[in-house]
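Report on the structure given below.
Derivation of every value follows stated rules applied to the coordinates shown; laboratory data play no part. Just so you know, these numbers come straight off a predicted model, no measurement behind them.
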Amino acid sequence: MKTPRLSSLVPSRIKRKIREKAISRTETRLLIAGRRPEDFSEEELEIIVREEEEKLEGQLREKGLLALAAVLGIGWWL
């Protein structure tokens, strides 16, 4: 069974914040690599931003599960 993407479950305001953070991370990633956004096509930049969005969504999902486990008092050693 496929789990729904986080982006389909969150309001547009949160999606926009995730997108902005992903763009910021993409810019940082390009600077570290010594490249400029102008060196890439629009499609290539979109792919890189999408990768960053997926990383952020995964981190949010993981943190959400950890918070839920803490609230329910579930320890990792069980």
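Output wanted: per-residue J couplings in Hz (rounded whole) for region 16-27, from phi through Karplus 6.51 cos²θ - 1.76 cosθ + 1.60, θ = phi - 60°, x for Gly and Pro.
5, 5, 4, 4, 4, 5, 5, 5, 4, 5, 5, 4
How high is the relative contact order of region 8-72? Use alpha-carbon pairs under 8 Å, at least six apart in sequence, and give a whole percent.
Dividing the mean separation by the residue count of region 8-72 yields 40 percent.
For region 8-72, what size does the Cα cloud have along each of its three principal axes, sorted from largest down, in whole Å?
Principal-axis extents of the Cα atoms in region 8-72, largest first: 48, 24, 14 Å.
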